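The values are calculated or read from the model by the stated rules, or taken from the named source; none is laboratory data. No experiment lies behind these values; they were computed from the predicted model shown. Here the Cβ positions follow ideal geometry from the backbone for every residue, glycine too, while neighbour counts run over all protein chains shown.
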Amino acid sequence: MNATSTPRPDDDRLDPHLLRIAAVVVLGTFMSILDTTIINVAVRDLSRDFGASLATTQWISTGYMLALATVIPLTGWAADRYGTKRLYMASILLFLGGSALSGAAWSMPTLILFRVLQGLGGGMIMPTGMTILSHAAGPRRIGRLMGIIGVPMLLGPICGPILGGWLVDDVSWRWIFFVNLPVGAIALYAALRVLEPDEAKPHHTLDWQGLLLLSPGLAIFVFGLARIAAAGNFSALEGDIAAATGLALVTAFILHAMRHRDPLIDVRMFGQRTVGASALTTFLFGTAFFGMSLVLPLYFQIVRQEPAFGAGLLLAAQGIGAMISMPLAARMTDRLGPGKVVLTGLACVAAGMLALSRLESTTPFWVIEPILFTLGLGLGSTMMPSMSAAMSTVQRHQIARTTSGLNVVQRVGGSIGTALLAVVLSHQISGISPMAQGGLAAVSTLAPATQASLAASLNVAFGHTFLWSFGIILLAIGPALFLPRRKSRIRPDEGAALSAME
């Protein structure tokens, strides 16, 4: 393609070449997102089949999220070192290897281990894809493009629970991992054909000291929080030591990154008002939302006695709401600024979570579904506008590192939320009755009639857990107040500078 036919990144048109690149990115990220949501409806069956408690089983999700978070910081360096196309394809290959091994797992420890391997690949798919897309689109088109690609990407949260429920009920839970293999093969072929090789920058060196501080620090810190939450206080010495050690390592990384010339994550960028506000909003929202993604399927399966497939169908309302609101939110962000859109989205999420906490065990589904739809509207109006607000304020050469930093923050929040709400729920269930002392694993083995007799008490346990998510969302409103409430404008000299970089 010659210079006259190659679209410039500051052009306003969403040309066919850009849309083809977007389709490739969507395919890879869809696979990654699908695997994040498809596992949630299988938690109860996995807990029962392997005889594990909810506090242990949730590490299938938490381990995956932590692996995502710990590998994402490598994305910025690896994209510079090897080029985004090669990194994108290598990430998909690693993800597929982890998927195949997870489907063949023979115990809970091996499943958690293989999920971590899967997360190491999945963690680099989305930020690498978003970097490819941001470079191709430029700041003028990134808001609209995110709104467009967000629609098929949100099919993951809709299809994941439904597909997962069908596979768990009628095929085997192993196929919730094997289903990635054909999708990944198509994604690899499309990336090979459509994406253009980019220039590698081998002179960039990896911040090994930062990596050895941040990655173990995050994992140890989340483990410590989970142990503290399981105890219900700070009397668990193991949890206290782990949390303090993890926090010390993360703090040491922050101090190191502020002095290092080329750190793993440039924490100094969080000192910018918009980037910092976006990061904290994304962190808190991820904590609440990903935690809820684990709890909601369990509510339908345990309290309402729905099969996995039925739970997946009921959760589709949330994905449909997000699919409707995301493109609208992108347009409104361009017109009004991200601050107003994100605050509206958080208000929808807070209202939905508060309503969930007030449900009774006999509340009709026609009442619950509009609540989930409202949650979905809030999801589509919060995550993408918040992240695009940060990316629209940084220079082109900072996009890869900024994208990595925001994805780390989001995934760390998600892993903390998943571990925290799982332990809170398990603690609440264990206190219901002597028959429920073992938490989810014990309740899952009870006869249906016995489970039905405990429905009201189990409903209270879930309502208490929903309130935790509501409180976290209220905290997210604070930093969201500092997001821009006006349309971002790019000066002519900035557009010329961006064009000169091509």
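Side notes on the structure shown:
- Ser469 modelled with pLDDT of 65 or more, assigned to a helix (DSSP H, G or I), within 21 Å of Ala350 (Cα to Cα) and in contact with a Gly (Cβ under 8 Å, 6 or more places away or on another chain): yes
- Residue satisfying condition, being assigned by TED's automatic domain parsing to the domain that holds Phe373, buried (at least 20 other Cβ atoms within 10 Å of the Cβ) and in contact (Cβ under 8 Å) with a residue 40 or more places away in the chain, within set Gly352, Gly312, Gly337: Gly312
- Of the residues Gly28, Gly83, the single one that is at pLDDT 80 or above and either over 17 Å from the mean Cα position of the chain (by Cα) or surrounded by fewer than 24 Cβ atoms within 10 Å (Cβ to Cβ) (or both) is Gly83.
- Gly98 at pLDDT below 80, assigned to a helix (DSSP H, G or I) and outside the structural domain of Gly224 (by TED's automatic domain parsing): no
- Condition check for Ala252: surrounded by fewer than 24 Cβ atoms within 10 Å (Cβ to Cβ), modelled with pLDDT of 85 or more, in contact with a helix residue (DSSP H, G or I) (Cβ under 8 Å, 6 or more places away or on another chain) and not basic (Lys, Arg): yes
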